[in-house]
Each structure stands twice: as C-alpha cells, then as structure tokens.
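**Q** One structure, as structure tokens, below. Some questions next.
The values are calculated or read from the model by the stated rules, or taken from the named source; none is laboratory data. These figures come from a predicted structure and were not determined experimentally. Cβ placement follows ideal geometry from the backbone for every residue including glycine, while neighbour counts extend to all protein chains displayed.
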Amino acid sequence: MDTDEHRLRPSNERDSSERHRDSVALACAAWIAKESGGSVAGSSFPDQAERHQPAVDLEFWIGNARFVLEHTELEPFGDHTAMEKSDAEDFSAWAKEIEPSLTHGALCVLRVPAKRNGLFQKSNAEEQIKLALKSWVLERVPALHARSDGPTRPADDHREADSVIPFPVTLSVEAWPPESKFDQWFRVSAIKELETEEPFENRVGRALDKKLPKLHRSKGGNATSVMLLEVRQHAMETGSNRLVPSFDLAETFVPKLCKSRDDVPDIVMVVDTQDDKNGYWLYRLLKWGNQWGREIKEKKQLGPWWHDSAKQDAAAAQKQAMLK
C-alpha cells in the first residue's frame, strides 16, 4: 500500500484499513516467530511514520534477528471491490435470511455475474429470481458440503442461465470440521464473465513489481524479508465456470514470476481473510529460505493455519493508538 495514496482517504476509512493491514501483518509475524522457536520481541510500522521515501508495512524482531514485511492484497479481477459492494446491496439481506437453513459447518459462496443487465430493476422479477435461487442453493448445499475436502478446498456446482434464473451462477461450498467451531456462512460474490488465469497472473506480477524492490531495499544486509499476499476469496473464477482455490493460484504464479528476479523475498505467505464472521483467517506458507511450496521441509507447517482475527484486531488497534 502506498502511504501517499493511503493518507488521501477519509480518516475513519484510513484507520479501518490500517488496522486490518496491521492485524494480518502482526499475525504473520507471530506465526514466523513460532516456527522459528521464539517470540516477537518488538515491532513498528515504518510506513505510518513521517518519512521522505517508501517504507515497509512492518518491522519486527525475533530475538536478535530483524525482519521486514510488506503486505499487498490481490483482487481476483479489476474493480472487484466496487462490484462486491453492488452485490451486497442486492443480496446481503437475502443471504442472511438463508444462512440459518444451511448445513452446519458449511461456508457457502454464490457467485453471480458482475453485470446482471438490470434484471433486478423490477421488484417482482427480483423476488421470483431470489426464490428460485434460494430453492436451488438449499437443495445443492448438502451434497457439495459432503464433497468438499475442507477449508480452502471447495466443491462447486454451476448452473447456466435459464428461464427461471436468467443469469449463470456458481455455488461453492467448503466443509469446516467441528473443532473449528464454525456454524454456517453464506455470501454472494461478483464474478467477471470470461475471466481467465492470465489476467490474474498479470495482477500478481504488477504487485510484485511494486512491492519487492521496496522490500529488498529495506532488508539491507541484516534482515529477513517477508512478503504477505492477502486474498479475500477462498476460490477465484478462472474461466470455463471453474473455481480454483486462491492458495493454488498463488502457489502457481508467485514462484513462476519470481524465477527471474534478484529481489525475491526470504519468506512468502498467503493469508485468506474471507471469513471474518467466525473470527478466522487462514495463513499458508509459500516460501521459506530457498524452498517453495511442497519443497519446504516437513518440519515447517505449510498450512492453512487458522488465526483468531478478532483477538489480533484488538492488538493492532492498541498498537495503532500508541502511535498517535
């Protein structure tokens, strides 16, 4: 996140965004400390201090070892955030009504076209479409829940447009185990028609071009560099009505795009923050030292590692208050 752009936002939006960024960064630092057999001895947010050149989002210490961390969010496609707001207006109340009827432990995402051609402009059409959608969702969730391999491994079902539901939809369901204390969760999300993996690869490349040179400069000769990639969807639309786990996309493209770089970070992690209702973020280790993904020694936990986001949010808010 560029600080100059960041400071142009209204103060309440800026504080919320900074708290979230600080939260996921501090949780990442805690995970690295745990894997290193230590604890975070101190931390600061250089990007929030007055300065004359770009700075990293977090600097922290584990014993005598210094770490620098840079965070960035990867959107599944351009304008995704704005489209999500539009979908919330159309579907949030409807989704909340359906949620209690879903299978226990099911995290469900219904993906609808970002542009629905004004089909909801007539109230009677909207009501009929939502009734049909509700019936289809409640019918399909139990079977998809049974097919899911767990968090971040959804099972999905696609329905083409027809006379009842006049636009294509894809339902994605993840099965969360009882120990997660997860009840049920349902949301509606925008997808962009004819989306392919290639544009997502381009977005990852642009993010690395923007973040890694700054991270490498801040590392200097005495620190470990950490790149934290955030996604807010467990799975992304990649063309042919196919949903691919976000972790899998990162695992495919980040190593590929880093091969020709001389500023590759020492540690790369991905955090999925889609599930805030039940207080979970999912972290996964993508690179440690010179090893990527499944090359990493078995003693390192690849994840996903579940984190209590509510607790971390409170810690980040307290730290930010101390900076003021």
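**Q** Find all pairs meeting these conditions: Cβ atoms under 9 angstrom apart; at least six residues apart or on different chains; first residue within region 64-75 and touching a residue at least 40 places away in the same chain (Cβ under 8 Å); second residue in a strand (DSSP E or B) and of a type in the set (Phe, Trp, Tyr).
**A** Arg66/Phe60; Phe67/Phe60; Phe67/Trp61; Val68/Phe60; Leu69/Phe60
**Q** If we scan region 105-127, do we find a residue that is surrounded by 14 or more Cβ atoms within 10 Å (Cβ to Cβ), at pLDDT below 90 and assigned by TED's automatic domain parsing to the domain that holds Asp272?
**A** No - not one qualifying residue is present in region 105-127.
**Q** So how many residues does region 152-164 have that are outside any strand (DSSP E or B) and surrounded by fewer than 20 Cβ atoms within 10 Å (Cβ to Cβ)?
**A** Number satisfying all stated conditions: 5.
**Q** Being under 21 Å from the mean Cα position of the chain (by Cα), in a helix (DSSP H, G or I) and either under 20 Å from Val268 (Cα atoms) or modelled with pLDDT of 90 or more (or both) is the requirement here; does Ser16 meet it?
**A** It is false that Ser16 is under 21 Å from the mean Cα position of the chain (by Cα), in a helix (DSSP H, G or I) and either under 20 Å from Val268 (Cα atoms) or modelled with pLDDT of 90 or more (or both).
**Q** Right, here's the next one. Quick one: which of Asp79, Asp22 is surrounded by 22 or more Cβ atoms within 10 Å (Cβ to Cβ) and either at pLDDT below 90 or on the phi < 0 side of the Ramachandran plot (or both)?
**A** Within the list Asp79, Asp22, the selection yields Asp22.
**Q** Can you list the strands (runs of 3 or more DSSP E) lying wholly within region 167-275 that have 2 or more residues being of a type in the set (Ser, Thr, Tyr) and modelled with pLDDT of 80 or more?
**A** 169-175, 223-231
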